[in-house]
Amino acid sequence: MRAGVEKLIDAILDEADCIDDLTDVMREQRDAMRERDTEAVNSLMNETRDISFEVQKNENIRSELAKRLAQSLSCEAKVSSLITVMQDDEREEFRRAADKLAQSVFLLKSEIMILSGLIDQNEKYTSMLLSEWRRINGDTLSQSGSADFRG
């Protein structure tokens with residue numbers, strides 16, 4: 001196997017593994033939210049941020065390696081183009097790595113959609129609770145947003 005292809009395959013797998021780690025942490029975060037463990041949620045948010053930076057770094061490395069390999073093979077830096085100019089021994093391993101990355105991205109997108117839905121739902125419930133609280137207690141804030149101290 002050529003060194004450039006091997007490096008690209010390794011970079012693709014590194015990125016997929018990193019995305020899988022991010023998905024796992026997001027699932028842990030969702031569980032911590034369900035358990036109302038604020039400390040764990042905050043810790044996991046920090047971990048999510050750190051892994052996100054790692055994913056971006058890996059994506060940049062993979063993208064740069066794909067561009068270089070495509071340039072050397074006179075093709076586009078896309079899976080469909082690269083795979084057509086690869087040698088037989090490289091093709092299947094590259095396809096497996098690309099499929100793994102696609103699956104990892106799909107799972108991460110699914111997890112993001114779930115979390116986004118939970119956040120939207122939480123926002124609606126919070127708004128409803130605040131509205132009901134205001135209705136029950138009377139709106140004690142004036143239109144300007146300052147407290148109304150009239151008797």
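Pairs under 6 Å by beta carbon, first residue surrounded by 16 or more Cβ atoms within 10 Å (Cβ to Cβ) in the range 96-124, partner not in a helix (DSSP H, G or I) and not acidic (Asp, Glu), six or more apart or different chains?
Close Cβ pairs (under 6 Å, with a partner that is not in a helix (DSSP H, G or I) and not acidic (Asp, Glu)) do not exist here.
Quick check on this structure: which one of Ser43, Ser80 is among the hydroxyl-bearing types (Ser, Thr, Tyr) and more than 23 Å from the chain's Cα centre (by Cα)?
Ser80
In this structure, is Ala66 over 18 Å from the mean Cα position of the chain (by Cα) and in a helix (DSSP H, G or I)?
yes
Out of the residues in the range 38-69 that are surrounded by 16 or more Cβ atoms within 10 Å (Cβ to Cβ) and touching a residue at least 60 places away in the same chain (Cβ under 8 Å), state the one that is farthest from Lys7 (Cα to Cα).
Leu69
Confirm whether Asp99 is within 26 Å of the chain's Cα centre (by Cα) and in a helix (DSSP H, G or I).
Answer is yes for this residue.
Determine, yes or no, whether Ser72 is under 18 Å from Ala3 (Cβ atoms), polar (S, T, N, Q) and in a helix (DSSP H, G or I).
yes
How about the range 1-42: which of its residues are modelled with pLDDT of 95 or more and either touching a strand residue (DSSP E or B) at 6+ places or on another chain (Cβ under 8 Å) or of a type in the set (Ser, Thr, Tyr) (or both)?
Within the range 1-42, Thr23 is the sole residue that qualifies.
Does Ala77 count as open to solvent by less than 70 Å² (accessible area, probe 1.4 Å), assigned to a helix (DSSP H, G or I) and in contact with a helix residue (DSSP H, G or I) (Cβ under 7 Å, 6 or more places away or on another chain)?
Spelling it out, it is not the case that Ala77 is open to solvent by less than 70 Å² (accessible area, probe 1.4 Å), assigned to a helix (DSSP H, G or I) and in contact with a helix residue (DSSP H, G or I) (Cβ under 7 Å, 6 or more places away or on another chain).
The values are calculated or read from the model by the stated rules, or taken from the named source; none is laboratory data. Only a predicted model underlies this, so the values are computations on that prediction, with no experimental measurement involved. Neighbour counts run over all protein chains shown; Cβ positions are idealised from the backbone, glycine included. Areas reflect the complete protein model, heavy atoms only, side chains present, ligands, DNA and RNA absent. Shrake-Rupley method; radii C 1.70, N 1.55, O 1.52, S 1.80 Å.
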